[in-house]
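A.B. asks: Provided herewith is a single structure, encoded as structure tokens, for subsequent inquiry.
The values are calculated or read from the model by the stated rules, or taken from the named source; none is laboratory data. Computed from a predicted model, the values in this text were never measured in an experiment. Positions of Cβ are generated from backbone atoms using ideal geometry, with glycine treated the same way; all protein chains shown enter the neighbour counts.
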Ligand code: ADP
Ligand code: ADP
């Protein structure tokens, strides 16, 4: 499990929009942190800056032993192999079955000759099935992803990320499109992954109640700046 550090990070997009302004954060290995803020406050940019999808305009981003700032090409792909990503829209291959979707996590960003030929090892299979078991989706292994409910899709996406054996997990609004009970079930899974594997989890949430309930720590963004950083349980609506 890896720590994440941002030191005075700013991001300005090509069109001049300043999405992050002087953000400094230090997330310890094994912490579960919720990023909260209104739409447009910079949550998604923060996650994309950590996985190297959006370059920091200034400042330094460090993930585990890697300085993300300035990484390119295969070095960046190698880093991303260690980062499990969860998206609001699930990003599953709807026509493939659950097993295939999860197995893909084994080959994220580092295709080998074997995987290009579609060969999988017993270890790949074990990791995929273990991850599906972890999120309670083992019995759906042969179902096509497109036939699952939103909550089930998100749990398969979590299993896919786990199969990668990541060192950190980044989730960009993973429950934004789910109804409240389903959102709770998905947050439960993320929390369990954090606790059982000691995995660092950073999750964007626009609902403060969920953040309070499931995260150790809450970081509030407004207009691209950190306006709150403290224990999630202590955060009140007045903060
Ligand atoms: P979501 O918030 O659903 O993840 P995006 O991250 O694509 O959607 O967009 C977030 C915000 O950034 C939106 O308000 C969108 O209009 C804006 N945005 C995204 N891409 C661009 C772009 N290339 N130029 C200007 N604004 C953009
Ligand atoms: P959030 O995830 O909190 O909704 P974002 O990080 O998506 O916030 O957006 C922060 C700001 O950056 C917004 O003003 C948004 O419109 C803008 N933005 C996001 N993506 C892009 C992009 N690709 N190009 C230009 N502006 C963007």
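A.B. asks: Among the residues of the range 195-233, count how many are outside any helix (DSSP H, G or I) and more than 17 Å from residue 28 (Cβ to Cβ).
C.D. replies: Selection size over the range 195-233: 12.
A.B. asks: A further question follows. Could you look through the range 61-97, keep only residues that are over 19 Å from the mean Cα position of the chain (by Cα) and touching a residue at least 24 places away in the same chain (Cβ under 8 Å), and pick out the one that is nearest to residue 153 (Cα to Cα)?
C.D. replies: My answer is 94.
A.B. asks: Further, regarding this structure: Taking the range 9-48 as the search range and keeping residues that are in contact (Cβ under 8 Å) with a residue 24 or more places away in the chain and more than 24 Å from residue 71 (Cβ to Cβ), which one is farthest from ligand 1 (Cβ to nearest atom)?
C.D. replies: 32
A.B. asks: Would you be able to say whether some residue in the range 130-150 is modelled with pLDDT under 95 and within 30 Å of residue 12 (Cα to Cα)?
C.D. replies: No; the residues of the range 130-150 include none that is modelled with pLDDT under 95 and within 30 Å of residue 12 (Cα to Cα).
A.B. asks: A further question follows. Examine the range 11-34 for a residue that is more than 19 Å from the chain's Cα centre (by Cα), on the phi > 0 side of the Ramachandran plot and away from ligand 2 (no atom under 12 Å from the Cβ), and state whether such a residue exists.
C.D. replies: yes
A.B. asks: Please work out which residue is surrounded by the most Cβ atoms within 10 Å (Cβ to Cβ), limiting yourself to the range 168-194 and to residues that are part of a helix (DSSP H, G or I) and touching a residue at least 40 places away in the same chain (Cβ under 8 Å).
C.D. replies: Here the answer is 190.
A.B. asks: Sticking with this structure for a sec: Hey, among 106, 125, which residue is closer than 24 Å to residue 173 by Cα, in contact with a helix residue (DSSP H, G or I) (Cβ under 8 Å, 6 or more places away or on another chain) and modelled with pLDDT of 75 or more?
C.D. replies: From the options 106, 125, the qualifying one is 106.
A.B. asks: Is it the case that the range 121-133 has a residue that's within 21 Å of residue 103 (Cβ to Cβ) and in a loop (DSSP other than H, G, I, E, B)?
C.D. replies: Yes, there is a match, as at least one residue in the range 121-133 is within 21 Å of residue 103 (Cβ to Cβ) and in a loop (DSSP other than H, G, I, E, B).
A.B. asks: Check off (1) surrounded by fewer than 19 Cβ atoms within 10 Å (Cβ to Cβ); (2) within 16 Å of ligand 2 (Cβ to nearest atom); (3) in a strand (DSSP E or B) for residue 60 and give me the number that stays unchecked.
C.D. replies: Only one criterion in (1) surrounded by fewer than 19 Cβ atoms within 10 Å (Cβ to Cβ); (2) within 16 Å of ligand 2 (Cβ to nearest atom); (3) in a strand (DSSP E or B) is unmet by residue 60, namely (2).
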